[in-house]
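Take a look at the structure set out below.
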Amino acid sequence: MKTVDWTRDELLAYILLFAANSDFKEDNKERNVIISKVDVYTFQEIHDEFNNDNDYQGIQKIMASLRQHNYEQEDVEILLADIKTLFFSDGKFNIQERNMLKCLNRLFKTL
């Protein structure tokens, strides 16, 4: 796969969008969490890209960008905390979100 030329904020926005869509919907509370982490322009730009990708492409882009930015365990822990904040933003932590958190946790361990 070619390199992904994202900033860290763009990467964060993409990962949070990927996680928010684990239950096939992203609500306003989840969007607000993402926008609290990155600016609105970045959110919209990455959202458009996210909408054009399938899951496989998304995972490939995420992993390539994490490697490009030299994410280490401490960075991954912060990222997972942001994902948990996103999941709890609507007061629920459903089975799809729990499964997504497990999958991302396993995936990030391969870095």
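The values are calculated or read from the model by the stated rules, or taken from the named source; none is laboratory data. Just so it is clear, the structure is predicted and the values come from calculations on it, not from any experiment. Here the Cβ is made from the backbone with ideal geometry for all residues, glycine too, and neighbour counts use every protein chain on show.
So how many residues does the stretch 57-75 have that are under 12 Å from the mean Cα position of the chain (by Cα) and surrounded by 17 or more Cβ atoms within 10 Å (Cβ to Cβ)? Residues that pass the stated criteria total 6.
Has the stretch 9-19 got any residue that is exposed (fewer than 14 other Cβ atoms within 10 Å of the Cβ) and either of a type in the set (A, V, I, L, M, F, W, C) or over 13 Å from the mean Cα position of the chain (by Cα) (or both)? Checked the stretch 9-19: no residue is exposed (fewer than 14 other Cβ atoms within 10 Å of the Cβ) and either of a type in the set (A, V, I, L, M, F, W, C) or over 13 Å from the mean Cα position of the chain (by Cα) (or both).
When you look at ASN54, is it surrounded by fewer than 18 Cβ atoms within 10 Å (Cβ to Cβ), over 14 Å from LEU104 (Cβ atoms) and modelled with pLDDT of 95 or more, yes or no? In short, yes. For the subset of the stretch 69-105 comprising residues that are among the hydrophobic types (A, V, I, L, M, F, W, C) and free of Cβ contacts under 8 Å to residues at least 24 places away in the same chain, which member is nearest to VAL33 (Cα to Cα)? Here the residue is PHE88. Candidates are the residues of the stretch 93-111 that are part of a helix (DSSP H, G or I) and of a type in the set (Lys, Arg); the one that is surrounded by the most Cβ atoms within 10 Å (Cβ to Cβ) is ARG98. VAL4 meets the conditions (1) under 14 Å from LEU107 (Cβ atoms); (2) buried (at least 17 other Cβ atoms within 10 Å of the Cβ) in every case but one. The failed one is (1).
Look at the stretch 5-20: where a residue is more than 19 Å from ASP90 (Cβ to Cβ) and a partner is charged (D, E, K, R), sitting 6+ places away or on another chain with Cβ atoms under 6 Å, you get LEU12/LYS37.
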